[in-house]
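Q: Got a structure here, written out as structure tokens. Questions coming.
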Amino acid sequence: MGDVVYAAGELEQHLRAIGVRAGETLLVQSSLRSVGPVDGGGETILKALLGALGPEGTLVVYTASPENSDTSRLALARTEGLGPAELRAHRATMPPYDPATTPASPILGALSELVRALPGAVRSAHPQTSFTAVGPKAEEVTAGHALDCHLGERSPAGALYRSGARALLVGVPVWCCTAFHLAEYRLPGQGTQRYGCVVRDERGLRQWVHFDAPKLEDAHFVRMGEALEHDIAGLIRGGFGDAGCFLLSVPEGVDACTAWLARRS
């Protein structure tokens, strides 16, 4: 490994060997760098994924834009140290969320933006936690993403769960699966917090909106660590290029997370 330069056909064979099925709905989260040298880079990896899924399959990626906020950790870090006038100026120049043009956050990796930019790709409406899908079930996955439900039942995470979709994690830990946040919504006593973002109103004018929604955390998923590798029924391990991969059922993964969190609540 390491000195091999992978082509689309070879990577597609790897996906089939892992167990990716033509015609399925697949959420993919990845570190493309972990795949190793690829002839054509990210676009070749995308070609391999679409080839493995075939024309009846649907590819889904997380295309969040946490930068569009005055409340997220990322937004607060960017404005730390600004005075009141500087903060007002910063907020006044922030572009409103547009599903068609707002880039996926760079923190998500290159694949998210590649899929978002595909002709025919469909993106959910949430200005902070959108998903993008391409394929026959793209509209079904991305429809009805409620503003006060970042990653809950009325989001693509809920749609992926209900449809029995699977997730492929490339070069990242199991707990990184964004759909697992659905588990937080299923526990009693979930706390809420204030969120803010800039959008366009019905007239196309720029406006800030603030709303209350469940408070989401990442720390407890990190703490799950290796436990999820044992708790998720049917978890498949494999390789994609140089990267280690996990292939799993979204419902089984969310159920394992829900049980883990419930034991510690």
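Q: Restricting attention to the stretch 123-162, and to residues there that are closer than 23 Å to ILE45 by Cβ and out of contact with any helix residue (DSSP H, G or I) (no Cβ under 9 Å at 6 or more places or on another chain), which single residue is surrounded by the most Cβ atoms within 10 Å (Cβ to Cβ)?
A: Of everything passing the filter in the stretch 123-162, ALA138 is surrounded by the most Cβ atoms within 10 Å (Cβ to Cβ).
Q: So, one more: Tally the residues that are of a type in the set (S, T, N, Q), assigned to a loop (DSSP other than H, G, I, E, B) and within 18 Å of LEU59 (Cα to Cα), restricting the search to the stretch 126-146.
A: Residues in the stretch 126-146 being of a type in the set (S, T, N, Q), assigned to a loop (DSSP other than H, G, I, E, B) and within 18 Å of LEU59 (Cα to Cα): 2 in total.
Q: Please find, among VAL199, VAL209, the residue that is touching a Phe, Trp or Tyr at 6+ places or on another chain (Cβ under 7 Å), more than 26 Å from ILE45 (Cβ to Cβ) and of a type in the set (Val, Ile, Thr). Working first, answer last.
A: Numbers: VAL209 fails: touching a Phe, Trp or Tyr at 6+ places or on another chain (Cβ under 7 Å).
Just a single option satisfies the conditions, and that option is VAL199.
Q: Only one residue in ALA22, ALA17 is touching a residue at least 12 places away in the same chain (Cβ under 8 Å), under 16 Å from ALA133 (Cα atoms) and loosely packed, with under 15 Cβ neighbours inside 10 Å, so which one is that?
A: Working: ALA17 fails: under 16 Å from ALA133 (Cα atoms).
Criteria check complete, one pass: ALA22.
Q: Going through the stretch 164-205 one residue at a time, which ones are among the small types (Gly, Ala, Ser) and either touching a strand residue (DSSP E or B) at 6+ places or on another chain (Cβ under 8 Å) or open to solvent by 60 Å² or more (accessible area, probe 1.4 Å) (or both)? Please lay out each step first, then the result.
A: Filtering the stretch 164-205 down to residues among the small types (Gly, Ala, Ser) leaves 164-165, 167, 171, 179, 183, 189, 191, 196, 204.
Listed by number, the residues that qualify are GLY164, ALA165, ALA167, GLY171, ALA179, GLY189, GLY191, GLY196.
Q: Pairs under 6 Å by beta carbon, first residue without any contact (Cβ under 8 Å) to a residue 24 or more places away in the chain and part of a helix (DSSP H, G or I) in the stretch 252-265, partner surrounded by 18 or more Cβ atoms within 10 Å (Cβ to Cβ) and of a type in the set (Val, Ile, Thr), six or more apart or different chains?
A: So the pair list comes out as GLU252/ILE232.
Q: Among the residues of the stretch 206-221, what is the count of those that are open to solvent by 60 Å² or more (accessible area, probe 1.4 Å) and over 20 Å from GLY158 (Cβ atoms)?
A: Of the residues in that region, 3 qualify.
Q: May I pose another question? Pairs under 6 Å by beta carbon, first residue of a type in the set (A, V, I, L, M, F, W, C) in the stretch 205-234, partner in a strand (DSSP E or B), six or more apart or different chains?
A: TRP208/VAL198; VAL209/VAL199; PHE211/TYR195; ALA213/TYR195; ILE232/LEU248
Q: A further question on this structure: Restricting to the stretch 34-76, count the residues that are free of Cβ contacts under 8 Å to residues at least 40 places away in the same chain, under 30 Å from HIS90 (Cβ atoms) and within 20 Å of the chain's Cα centre (by Cα).
A: Qualifying residue count for the region: 4.
Q: Give me the strands (runs of 3 or more DSSP E) completely within the stretch 152-247, filtered to those with at least 3 residues that are under 29 Å from ASP39 (Cα atoms), ordered by residue number. Let's see the steps before the verdict.
A: Values: elements: 166-170, 192-200, 206-214, 236-240.
In the stretch 152-247, 166-170, 236-240 are the strands (runs of 3 or more DSSP E) which contain 3 or more residues that are under 29 Å from ASP39 (Cα atoms).
The values are calculated or read from the model by the stated rules, or taken from the named source; none is laboratory data. Since the model is a prediction, treat every value here as computed from it, not as a measurement. Virtual Cβ from ideal backbone geometry, glycine too; neighbours counted across all protein chains shown. These accessible areas exclude ligands, DNA and RNA; they are computed on the full protein's heavy atoms, side chains included. Shrake-Rupley method; radii C 1.70, N 1.55, O 1.52, S 1.80 Å.
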